[in-house]
Amino acid sequence: MAAADSVPHVEASPEHRPAVRADKGDVPVMLGDESSSTGLIAEIRASLMHAPVTLDGISLLYGDWLDLSAPLVEVITRWDGRSQRRAGDLPQFARELGRAARRDEAISRQDWKAIGGHSGEPAAGPLIPGSADIIVSGTRSRVSTVSYRHYLTLCFRAQDAVVAVVSRHPLPDPARFDLVTNLEPFCSGWVRFIEQRYWPRRRPA
């Protein structure tokens, strides 16, 4: 994604499909680490020209990232044809569930450097299959789910996008999802998180 000083210019341009959001209510929101653009050159050009960044995938976080007892839902929308990142004989959703579990383990240790270091480690299992009702843009359907510990994940299609959902705790029944075209609150939330966690302002003596 774009550099922090150009975050206000990051948006889903009209010619590219909007991301899918959860029904967030009054919870903190920010960009997740699964967000990606079509390439570094495109990011640099957009940053220099203060232009929109073309995205091929975006992750939106809903909830308190650092409070492990609080709900946290990550909605990952991809337009580039990728769905769950499967490799070899890995079970479906093993990487997504493993990434969420390792992230929370690092948060519990306050090991901020390790948070992004386990993105490729799959969940060891057991992975428990299930199903859930969801409502996407007003249309109700039933989808398959996979659970690991207290984490749950599912996947569905929305227009020409593939959407993966990873939840720290069980989702509401039914979980609701809709389209979002304004990414400003998510960009601002990400900037606030980075500033507070990694560059806290020094208080005057």
With the structure loaded, tell me whether Val163 is of a type in the set (Val, Ile, Thr), out of contact with any Lys or Arg (no Cβ under 6 Å at 6 or more places or on another chain) and modelled with pLDDT of 90 or more or whether it fails that test. yes
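Got a sec? Which of Asp133, Asp178 is loosely packed, with under 15 Cβ neighbours inside 10 Å, touching a residue at least 40 places away in the same chain (Cβ under 8 Å) and part of a strand (DSSP E or B)?
Sole residue among the options that is loosely packed, with under 15 Cβ neighbours inside 10 Å, touching a residue at least 40 places away in the same chain (Cβ under 8 Å) and part of a strand (DSSP E or B): Asp133.
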Does the range 137-149 contain at least one residue that is in contact with a Lys or Arg (Cβ under 8 Å, 6 or more places away or on another chain) and free of Cβ contacts under 8 Å to residues at least 24 places away in the same chain? no
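The values are calculated or read from the model by the stated rules, or taken from the named source; none is laboratory data. Everything numeric in this text was worked out from a predicted model, so none of it was measured. When we count neighbours, we look across all protein chains shown, and the Cβ atoms used for this are built from the backbone with ideal geometry, even at glycine.
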